[in-house]
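The next block holds one structure in the form of structure tokens; read it before the comments.
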Amino acid sequence: MHPAFDSRRYLIPFRSSLLPQIFTDTLVIGGGVGGLRAAIAAAEHGEVIVLAKEDAATSNTAWAQGGIAVVLDEADSFASHVDDTLTAGAGLCDASAVRAIVEAGPERIRELVEWGMRLDSAPGRHGPALGREGGHHHARIIHTDGDATGRELVRCLGERVARTAGVRIFTRCFALDLVTAGSAPGAPVMGAITHHPKHGLQMIWAKATILASGGAGMIYRETTNPKTATGDGLAMAYRAGATLADMAFMQFHPTTLYLAGATRALITEAVRGEGAYLIDEQGDRFMLDAHPMAELAPRDVVTRGIVRRLAQRGGTHVFLDVRHIRGFADRFPGIAQLLAKFDLDPAKDLIPVHPAAHYMVGGIVTDAAGRTDVPGLYAVGECASTGLHGANRLASNSLLEGLVMGEVAGRAARELTQHGRCGPPVSIPPPNGWAAPPRPAPIPVVSDIRPSEQAELDLTDVQSSLRSSMWRNVGIERTGNRLHDAIDMVDFWARYTLDKIFDTVEGWTVQNMLTVAALMARSAAWRAESRGCHWRSDAPEPLDAFAAHDQWRRGRAEPMPRRVEA
Ligand SMILES: Cc1cc2nc3c(=O)[nH]c(=O)nc-3n(C[C@H](O)[C@H](O)[C@H](O)COP(=O)(O)OP(=O)(O)OC[C@H]3O[C@@H](n4cnc5c(N)ncnc54)[C@H](O)[C@@H]3O)c2cc1C
């Protein structure tokens with residue numbers, strides 16, 4: 001990486017001893033599915049603090065529509081769900097992680113139902129209704145109110161957290177940096193430095209810290225993600241010395257509403273699962289020729305199908321045709337309401353759609369217990385790289401992963417805070433550096449950095465230039481030349497943005513976004529092949545040389561590739 005990204009350990013200067021101090025057993029950064037589920041598990045011993053930089057309703061989880069993939073039907077099998085996941089992952093999944101997460105799914109759902117989560121049912125079927133989505137060979141997607149699964153999941157987990165003794169939620173509280181005992185990579189994490197509009201900067205000391213800070217869709221001009229998805233946790237983990245992998249793999253969702261002035265609202269894959277067609281301006285159903293599963297092919301295939309068709313025939317968007325689907329508004333009430341705002345009637349009108357950045361597949365490397373390679377730090381959910389998704393995420397596997405890995409990491413954090421054990425709950429040896437028991441008391445930390453003397457910045461301009469450049473150069477179709485242009489541009493902006501000291505969330509966010517963008521562009525430039533959701537038109541096939549995870553760590557100029565075991 002460019003020295004601009006690696007020279008500073010922290011975004012701001014501070015002396016921990018001069019800040020207000022808060023102590024907890026477990027600190028969870030993130031209030032989506034991963035963070036809330038982890039908090040419930042961790043709170044079985046000791047105190048837990050959950051941070052969310054906005055309110056509970058602003059997270060990728062709350063916006064999730066389609067549902068949760070889980071094997072509940074007798075005619076379905078774990079083996080089939082595992083196979084579908086491995087196929088989507090294009091050779092980069094960790095098969096044991098896939099099996100473990102898929103097999104833990106039914107128990108996590110049973111528990112949600114016990115906690116009061118409402119799920120849609122189907123007439124004549126015992127148990128919840130099961131929908132079908134792209135890449136799944138079986139109907140196994142459970143959902144709520146048709147297309148409001150995430151909202152109900154957040155409600156259910158949020159209420160459970162509220163009833164769990166020992167958990168406090170700090171909303172509108174922004175984590176700036178993980179605090180470590182020393183600044184060399186591998187120094188243990190002892191909590192985080194945070195900013196709250198009312199309380200200012202605070203030190204939160206924790207025996208275990210769980211990052212559940214979600215994805216980074218906002219790094220792209222076109223995205224389905226809420227404004228909170230700026231990759232803060234990825235950047236924080238990088239500065240703290242954790243290993244990140246497979247950052248090239250940003251999944252683009254094929255179908256977001258494409259209307260001037262409208263946010264790029266997602267039109268869930270479940271709509272295609274119910275039989276929607278994709279057609280071009282001339283009314284041709286172009287996915288029939290592109291893949292045997294047509295509109296239900298994996299996301300990257302459908303996304304590329306759309307981009308190719310637009311390149312062949314021109315235009316800015318294609319259409320979803322749902323006019324033949326009976327009861328569309330009952331099955332997808334949220335989407336029907338959204339369309340009505342733009343005077344579109346799904347029974348009569350075509351829905352204009354275009355792909356947009358959707359899901360961060362790569363992330364902070366963890367083992368099967370959610371442990372990163374920085375002692376005391378766990379990562380779960382979209383910010384983590386557990387090996388479930390490989391080079392591409394199978395639809396609706398992410399809420400499943402958040403639930404399963406949230407519980408596992410929360411339980412592992414509990415073992416650490418309660419017993420000082422870092423081995424259980426999985427019988428795998430702890431990563432290097434984890435052998436020491438938790439620290440009895442925090443060590444004073446000093447971050448001593450000088451502000452740059454350069455001029456003030458227009459942060460909005462840096463952010464919008466970055467998002468446009470990422471969309472153009474590190475977007476759906478990539479080439480080596482354009483990726484290197486993007487690296488040069490991001491490095492240039494970083495040189496005069498990362499040396500500043502900001503005192504606003506906006507400034508820290510732009511610094512985080514630049515760091516994550518630099519990792520993504522470099523990872524995509526390194527991966528001179530096409531695989532999963534990473535498509536290089538100058539290297540259109542997967543290559544054996546890249547059957548590997550590219551791993552990045554602060555202080556190293558080049559990635560450390562880790563080959564996938566055959
Ligand atoms: C529109 C949309 C639809 C989707 N539909 C589905 C679906 O149907 N099925 C499926 O499986 N997946 C779906 N996904 C993906 C899925 O929702 C996410 O991958 C998943 O919810 C991520 O959960 P998470 O807990 O990791 O992060 P999130 O739910 O994004 O939560 C992140 C949390 O971290 C907090 N945070 C971030 N940075 C900071 C910081 N610096 N300081 C403090 N707090 C911070 C945020 O405030 C937030 O509370 C969808 C995503 C989107 C955007």
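For the set S96, S469, the ranking by accessible area, highest first and with no ligand, DNA or RNA atoms included, is S96, S469 under a 1.4 Å probe. Considering only alpha-carbon pairs that sit under 8 angstrom and 6 or more positions apart, the relative contact order computed for the range 8-130 is 15 percent.
When the surface is traced with a 1.4 Å probe over the full set of protein chains, F14 keeps roughly 10 Å² accessible.
Accessible surface for the range 127-258, divided over its residues, is 25 Å² per residue with a 1.4 Å probe.
With Cα atoms as the point set, the range 452-542 shows a radius of gyration and Dmax of 14.4, 47 Å. Our note on the geometry: Cα centres of the range 109-144 and the range 169-238, 33 Å apart.
Under 5 Å from the amide H of T180 lie the amide H atoms of M190, each residue being 5 or more positions distant or on a separate chain, with H modelled from the backbone and absent for Pro and chain starts.
Close amide-amide hydrogen proximity is noted between R168 and V48, I49, V50, each under 5 Å apart and 5 or more residues distant or on a separate chain (H modeled in the peptide plane; Pro and chain starts excluded).
By accessible area, using a 1.4 Å probe on protein heavy atoms only, the chain has 52% of its surface on carbon and sulfur.
Partners of K227 within straight-line reach, counting lysines whose Cα lies under 27 Å from its Cα and excluding those fewer than 8 residues away in the same chain: K53, K198, K341, K500.
Report the Cα centroid-to-centroid distance between the range 496-566 and the range 305-369 in angstrom, as an integer. Going from one Cα centre to the other spans 27 Å.
Ligands, DNA and RNA aside, M560 has an accessible area near 30 Å² when probed at 1.4 Å. Let me know the longest stretch in the chain that avoids all GluC sites (Glu not before Pro) found in a DSSP loop with at most 11 other C-beta atoms within 10 Å. The reported range is 75-452. Of the trypsin sites (Lys or Arg not before Pro) in the range 133-204, the ones in a loop by DSSP (not H, G, I, E or B) with at most 12 other beta carbons within 10 Å are R163, K198.
Just so you know, the averaged projected area of the alpha carbon convex hull for the range 102-191 sits at 10.0 nm². With a Förster radius of 25 Å applied to the beta-carbon distance between S468 and E54, the computed FRET efficiency rounds to 0.55. The residues of the range 261-410 present an accessible area of 33 Å² per residue when probed at 1.4 Å with all protein chains retained.
Over the range 104-246, Cα pairs under 8 Å with separation of 6+ residues give a relative contact order of 14 percent. Under a 5 Å amide H cut-off, with hydrogens placed 1.01 Å from N, L92 pairs with A391 among residues at least 5 apart or on other chains. Normalised by 2.2 N^0.38 Å, where N is the number of residues, the alpha-carbon radius of gyration of the range 43-202 equals 1.28. For the chain, the antiparallel share of DSSP beta bridges with both residues in that region comes to about 65%. Along its first, second and third principal axes, ordered by size, the chain spans 65, 52, 49 Å in Cα coordinates.
Over the residues of the chain, the helix contribution to mean residue ellipticity at 222 nm works out to -10000 deg cm²/dmol, using -39500 (n - 2.57) for each DSSP H run of at least 4. Per residue, the convex hull spanned by the Cα atoms of the range 136-231 measures out at 207 cubic angstrom.
The values are calculated or read from the model by the stated rules, or taken from the named source; none is laboratory data. Quick caveat, the model's predicted, so the values are computed rather than measured. Positions of Cβ are backbone-derived with ideal geometry, glycine not excepted, and every protein chain shown enters the neighbour counts. What goes into the accessible areas is simple: the full protein's heavy atoms, side chains included, and nothing from ligands, DNA or RNA. Shrake-Rupley method; radii C 1.70, N 1.55, O 1.52, S 1.80 Å.
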